[in-house]
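Down below is the structure, laid out as structure tokens.
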Amino acid sequence: MAIPAQNPAPADAAARRAVEPVTVYTLDKLPPYDQNFYETVRRNMTLVDTLIVPTRDAKAFEVPAGHLFRIVNTEGPQVGDLNLWNTNDLTERFYSGKTRALHATHVSTGDRLWSNFPRFRPMATVTYDTLDWYGFDEYGAGVHDVIGTRCDPYTQHMLSGQDYNYCCHSTLTRALAAAKGLSLDEAETHVHDVVNVFMCTGYTRDTNEYFMKASPARPGDFIELFAEIDLLAGLSTCPGGDCGAGHSSDTAPCWPITVEIYRPQEESLAGWQPAPSNGYGGGNAVG
Ligand SMILES: [Zn+2]
């Protein structure tokens, strides 16, 4: 709140605040994470492609359904912003808000990255995370958040009056435009709220403001995802580097990020199918 509360607490304020919370979505209703399946798949896989996202840049890459990809910090702690699209239909894309609501503010092994309505299905599953030990620290911060958006030139301009063209929003826009032969204006409409890979964030305890702190990632750390549908991914290297101080500038030390794409052995995928679209058939109509 920008100003102090204008209303006094009512007599029963303590009782109202003491009501116990309930989890909005119960995890046991979600499609189960079949740990045996994913462990088998990831044990027998072959590296088929490697690409490097240079500093203050982004790249788009395809990951066929049933393949895996790793996002690796090879040289230093570097935050990456991840966008996901259905390769065959860019209107299906990662849905940060619902992923957060279904899982948590930060994602790790066993969590799904969901797509928007109407298909609303798992686009990818996190199958390994070397930073899963981090959990939530004394500030309430965790790693790999789905509570941020992506650094962007509009907010930057509003807050500083400066035009900066290497924000994750802009590099993701340029990467998507190059991958799909779109104009920058066309591509920009498809860029969406991200998974902040390796980013360490939370909400302040007293005012619930979004904060960031230096990423705990070190060279060799990676997050690995299984593509549940044919994916086009966009990954930026945030100009904030480890995002320990700021972003949207050329002052932070930055590092490239490596992406590795893996193909599992065919037999380990026996019986597996790409994720089906959501079963709701009502079309939002009544009657
Ligand atoms: Zn950024």
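Since every read-out is calculated from the coordinates, none of them should be taken as a lab result. Quick caveat, the model's predicted, so the values are computed rather than measured. In this analysis, Cβ positions are derived from the backbone assuming ideal geometry, glycine residues included, and neighbour counts consider all displayed protein chains.
The table for this structure:
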quantity	calculated
Sparse-neighbour loop sites [GluC sites (Glu not before Pro); the range 159-239; at most 12 other C-beta within 10 Å; DSSP]	E209
Local electrostatic count, S115, Cβ distance below 13 Å [Lys/Arg +1, Asp/Glu -1]	0
Table column - 3J(HN,Hα) (Hz), the range 211-219, Karplus curve with 6.51, -1.76, 1.60, x for Gly and Pro	10, 10, 8, 4, 4, x, 5, 9, x
Principal axis dimensions, largest first and in whole angstrom, of the range 46-266 by Cα	48, 41, 36
Cross-link table K180/K213; K98/K213; K29/K59; K59/K98, entries beyond 28 Å C-alpha to C-alpha	K180/K213; K29/K59
Using a Förster distance of 41 Å, the FRET efficiency for D137-A285 (Cβ separation, nearest 0.05)	0.30
In order through the range 138-152: 3J(HN,Hα) via Karplus (6.51 cos²θ - 1.76 cosθ + 1.60), integer Hz, x for Gly, Pro	5, 8, x, 8, x, 10, 6, 8, 10, 10, x, 10, 5, 5, 8
Contact order relative to length of the range 46-266, as percent, for alpha carbon pairs under 8 angstrom and 6 or more apart	43
Virtual paramagnetic centre 7 Å along Cα→Cβ of Y210, amide N under 17 Å, in the range 83-123	83-84, 94-101, 104-107
Estimated 222 nm signal from helices in the chain, with DSSP H stretches of n ≥ 4 weighted -39500 (n - 2.57), rounded to 500	-4500 deg cm²/dmol
